[in-house]
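The values are calculated or read from the model by the stated rules, or taken from the named source; none is laboratory data. What you are looking at is a predicted structure, and each value in this text was computed from that prediction instead of being measured. Note that we place each Cβ from the backbone using ideal geometry, even for glycine, and neighbour counts take in every protein chain shown. Ligands, DNA and RNA are excluded from the accessible area calculation, which covers all protein heavy atoms including side chains. Shrake-Rupley method; radii C 1.70, N 1.55, O 1.52, S 1.80 Å.
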Amino acid sequence: MAGRRTTRVQALTGIGVDRVGALAAQKEESSITAPKGREQRDKPLRMENLDTDVPPHPIALEATAKAISSKEDNSYLPFIGQLGLRKAAAAHVSRMTGGVTQYSGEENCVITAGGLSGVLNTLFATVEPGEGVLLTDPTYIGLINRVKLVGAIPVLLPLEFRPGKPWRFPREKLRQFIESAQETDGIRITALLLSSPALPSGAYLDADDWHAVAEVCISRDLLLIYDAAFERLLFDGRPVVHPAFFPGMAERTITVGSASKELRLIGWRVGWVVGPTWAIADIRLVGMANVVVPVGIAQKAAQAALEQSAPDCLMFTRELQARRDLLMEELQGLPVGVPAGGWSFVLRVENGREASRALMEEGIYVTPMDGWGEAHGEGFIRFVFSNEPCHRLEGIGVKVRAALNHPHPESTPTL
């Protein structure tokens, strides 16, 4: 028994972010002690993790400061989250559906210790071991790991990679892909775990895509777990399209939200799950058997930020789009998937691990994507642009080309 690794753990894959992040932190520390004038030049570009340099809304900081000395917030109760935040989250998700689906904070919401905790609790409550869960390829390995952790089987639907253009969701292949998984591989898919914009690709599902998802879910009686962490961080005027907007989807859509991305409350560790009462009852039960209770002193801050989030989120999106636009110009001609939203994108390379090491030599810290996909995994690297302002990103194209031995298109001789 001693030293035995369970099959559950053996199925998991490291995300790589922690390893690259530790190396970046060491480099950052050495840059601080560099001679005056060299510290900024030596400071690495931190593009390996989902931190952000844009602070949260001041109202969240004020609410947190008050909660620290509040007896009410220094409490285990209520186990399912404070009612004020549950009402705010339910109202928010109702708005995202265009008011088509109305949720109640009392009946349709539970607060979780971050969005990924909400995903895990939802999977435990709704998916049986051995059943298949469809995700896109690529998908953040943390989501894939959570599917494996509950004993389910991740089934990856490849997005269409179009270098220099946004990724495309292959909606016309969805039904056949699900049928093939069962007929060819013997995997019965019972749930879809999707996000828009997706992590790490920034792929966006438009109304036609979600309509196709809704048709398949209804005809095959499938559950949709919708990871809405980046939902409003959309570029070029793209509208939010929530799957519970479509007829017949309210009773089979579970929305998992997070204060970490749109609200930038990363260290507060607050998320929410909103869905039909039949599902929320069991998700609450799993939550009390898992983390038990989200952080008390963080919940009023998340509530305040969420209630004031419309203009704040718009401001943040504009900043992210400015960074996206600069990066796409810098990397023009390279095999990049243009993100339609979110705060990361991926670049196709020959070998992700080797490319990551080469970029570190140029002071750029990015994550290889082993295990993040089958079609779009080890041959890609992820860049995160939430933690570096535009003035720090200028000139990155020269460094990337030098590291990957890609000449600039303008310098390539014409044959």
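Within the option set VAL292, VAL338, being farther than 18 Å from ILE266 by Cα and crowded, with 19+ Cβ neighbours inside 10 Å holds for one residue only, VAL338.
The one condition from (1) aliphatic (A, V, I, L, M); (2) open to solvent by 30 Å² or more (accessible area, probe 1.4 Å); (3) in contact (Cβ under 8 Å) with a residue 24 or more places away in the chain that MET328 does not meet is (3).
Annotation: of all residues in the range 396-415 being of a type in the set (Gly, Ala, Ser) and open to solvent by 30 Å² or more (accessible area, probe 1.4 Å), the one that is modelled with the highest pLDDT is ALA402.
Exactly one residue out of SER69, SER75, SER94 is free of Cβ contacts under 8 Å to residues at least 12 places away in the same chain, more than 22 Å from PRO276 (Cβ to Cβ) and not hydrophobic (A, V, I, L, M, F, W, C), and it is SER69. The helices (runs of 4 or more DSSP H) located wholly in the range 37-122 that include 2 or more residues which are within 30 Å of ILE141 (Cα to Cα) and at pLDDT 95 or above occupy 83-96. Listed by first and then second residue, the pairs linking a residue in the range 262-280 that is not assigned by the TED database to the domain that holds GLY81 to a residue that is of a type outside the set (Val, Ile, Thr), with Cβ atoms under 8 Å apart and 6 or more places separating them unless they lie on different chains, form an empty list.
Residues that are in contact with a helix residue (DSSP H, G or I) (Cβ under 6 Å, 6 or more places away or on another chain) and farther than 28 Å from PRO294 by Cα were ranked within the range 219-248; the one that is most open to solvent (accessible area, probe 1.4 Å) is GLY248. Against the numbered list (1) over 25 Å from LEU193 (Cβ atoms); (2) touching a Leu at 6+ places or on another chain (Cβ under 8 Å), ILE111 comes up short only at (1).
Looking only at residues of the range 361-392 that are among the hydrophobic types (A, V, I, L, M, F, W, C) and surrounded by fewer than 19 Cβ atoms within 10 Å (Cβ to Cβ), we find that the one that is nearest to ARG348 (Cα to Cα) is ALA375. Listed by position, the helices (runs of 4 or more DSSP H) enclosed by the range 283-372 that each have at least 1 residues that are under 17 Å from ALA229 (Cα atoms) and modelled with pLDDT of 95 or more are 296-307, 309-330.
Conditions (1) open to solvent by 30 Å² or more (accessible area, probe 1.4 Å); (2) modelled with pLDDT of 95 or more; (3) among the small types (Gly, Ala, Ser), marked per residue:
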residue	(1), (2), (3)
GLY151	yes, yes, yes
LEU157	no, yes, no
PHE161	yes, yes, no
PRO166	yes, yes, no
ARG175	yes, yes, no
GLU179	yes, yes, no
ALA191	no, yes, yes
ALA198	no, yes, yes
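Quick one: which of LEU347, LEU393 is of a type in the set (A, V, I, L, M) and free of Cβ contacts under 8 Å to residues at least 60 places away in the same chain? Selected residue: LEU347, the only one of LEU347, LEU393 that is of a type in the set (A, V, I, L, M) and free of Cβ contacts under 8 Å to residues at least 60 places away in the same chain.
Working only within the range 295-325, note down all residues that are surrounded by fewer than 18 Cβ atoms within 10 Å (Cβ to Cβ) and of a type in the set (A, V, I, L, M, F, W, C). Hits for the range 295-325 are ALA310, LEU314, MET315, ALA322.
With respect to the conditions (1) touching a helix residue (DSSP H, G or I) at 6+ places or on another chain (Cβ under 6 Å); (2) in a strand (DSSP E or B), GLU378 lacks only one, and its number is (2). Consider the range 47-75 and keep the residues that are more than 25 Å from VAL384 (Cα to Cα) and of a type in the set (S, T, N, Q). The one that is surrounded by the most Cβ atoms within 10 Å (Cβ to Cβ) is THR64. Consider the range 115-134 and keep the residues that are surrounded by fewer than 24 Cβ atoms within 10 Å (Cβ to Cβ) and in contact with a Pro (Cβ under 9 Å, 6 or more places away or on another chain). The one that is farthest from LEU199 (Cα to Cα) is GLY132.
Under the condition of being in a helix (DSSP H, G or I) and within 20 Å of the chain's Cα centre (by Cα), the residues counted in the range 135-191 number 9.
Scanning the range 262-279 for residues that are farther than 25 Å from PRO58 by Cα and surrounded by fewer than 23 Cβ atoms within 10 Å (Cβ to Cβ) yields PRO276, THR277, TRP278, ALA279. Residues in the range 230-269 that are within 20 Å of GLU107 (Cβ to Cβ), under 14 Å from the mean Cα position of the chain (by Cα) and hydroxyl-bearing (Ser, Thr, Tyr): THR255 only. You will find that of PRO158, PRO138, PRO129, the residue that is touching a residue at least 12 places away in the same chain (Cβ under 8 Å) and within 20 Å of LYS261 (Cα to Cα) is PRO138 and no other.
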